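Visitor: Would you mind keeping the following structure in view while I ask a few things?
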Amino acid sequence: MKADLLNIYDGLYKHFGPQRWWPADSAFEVAVGAILTQNTSWTNVEHAIANLKKARCLSFRKMRRIDEKKLASLIRPAGYYNIKARRLKNFLKFFDRNYGGSFKRMKSKSVFSLRRELLSVNGIGPETADSILLYALGKPVFVVDAYTRRIMSRHSLLQAKDGYETIQGIFMDNLPNNTGLFNEYHALLVRCAKELCKKKKENCRVCPLGETQT
């Protein structure tokens, strides 16, 4: 398994090059984006982020003070905007109460403790929590999403019934515990799935991973 995972990474990296993901100007922007990207495309999230920046609301203190209804109107392009505004407010409340809005203070805690805390926030699931841990806090956690599942299952490296924690364990148990590697690997899987290994049609002919096994 270790050799298979490293071969996939090498093939994707040589084909696509470094992805430099997550595209954001701050750790706070990453956290906001991680919540907004639930059940929508990144393009929609970019529009919502642009609205927040234009309104000069993309900071912890300003977003903490802004009315939930106003926040929902600003993030409307991300879809499910009322639900996501509430989830953002839940995160902000947690972030304020536990860390005073400081990612530096947050980063000082262990991955295990932080993950447990984030998962206790209403509206934050494993993928969102791990995205915040990896991309905003630089913690060595592998993020699993639908793209990861699609590519790995098509290459017979996991089963359809495998849950989030099982899939995450495949990567974290077989790869070096390295934040940079986890960051780049996940981003490369996303790029490959969006461009080549699509949901309804695989383009195996030009894919650096070759023919799928399913």
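The values are calculated or read from the model by the stated rules, or taken from the named source; none is laboratory data. Here the structure is a predicted model, which means the values were calculated and not measured. Please note: Cβ atoms are built from the backbone with ideal geometry, for glycine as well, and neighbour counts cover all protein chains shown.
Visitor: With the requirement that a residue be surrounded by fewer than 18 Cβ atoms within 10 Å (Cβ to Cβ) and either outside any helix (DSSP H, G or I) or not assigned by TED's automatic domain parsing to the domain that holds M106 (or both), what does region 28-56 give you?
Guide: Answer for region 28-56, where residues must be surrounded by fewer than 18 Cβ atoms within 10 Å (Cβ to Cβ) and either outside any helix (DSSP H, G or I) or not assigned by TED's automatic domain parsing to the domain that holds M106 (or both): N39, T40, S41, A55, R56.
Visitor: Could you check W21 against (1) in contact with a Cys (Cβ under 7 Å, 6 or more places away or on another chain); (2) modelled with pLDDT under 95 and say which number it fails?
Guide: Against the list (1) in contact with a Cys (Cβ under 7 Å, 6 or more places away or on another chain); (2) modelled with pLDDT under 95, W21 comes up short only on (1).
Visitor: Kindly indicate the residue of region 68-97 that is in contact with a Leu (Cβ under 9 Å, 6 or more places away or on another chain) and among the aromatic types (F, W, Y) and also nearest to S113 (Cα to Cα) among those meeting that condition.
Guide: F94
Visitor: Pick from E165, E202, E184: which is crowded, with 19+ Cβ neighbours inside 10 Å and at negative phi?
Guide: The unique qualifying residue is E184.
Visitor: Output the number of residues of region 120-140 satisfying the condition of being surrounded by fewer than 22 Cβ atoms within 10 Å (Cβ to Cβ) and in a helix (DSSP H, G or I).
Guide: 3
Visitor: Being of a type in the set (G, A, S) and part of a helix (DSSP H, G or I) is the filter here; which residues of region 162-194 pass it?
Guide: Scanning region 162-194 gives G169, G180, A187, A193.
Visitor: Filter region 1-27 for residues that are acidic (D, E) and not in a loop (DSSP other than H, G, I, E, B) and give the result.
Guide: D4, D10
Visitor: Please go through region 40-99 and pick out each residue that is of a type in the set (G, A, S) and modelled with pLDDT under 95.
Guide: The one that is of a type in the set (G, A, S) and modelled with pLDDT under 95: S41.
Visitor: Scan region 77-97 residue by residue and report those that are more than 25 Å from T40 (Cα to Cα) and touching a helix residue (DSSP H, G or I) at 6+ places or on another chain (Cβ under 7 Å).
Guide: Once the filter is applied, which keeps residues that are more than 25 Å from T40 (Cα to Cα) and touching a helix residue (DSSP H, G or I) at 6+ places or on another chain (Cβ under 7 Å), region 77-97 yields only D96.
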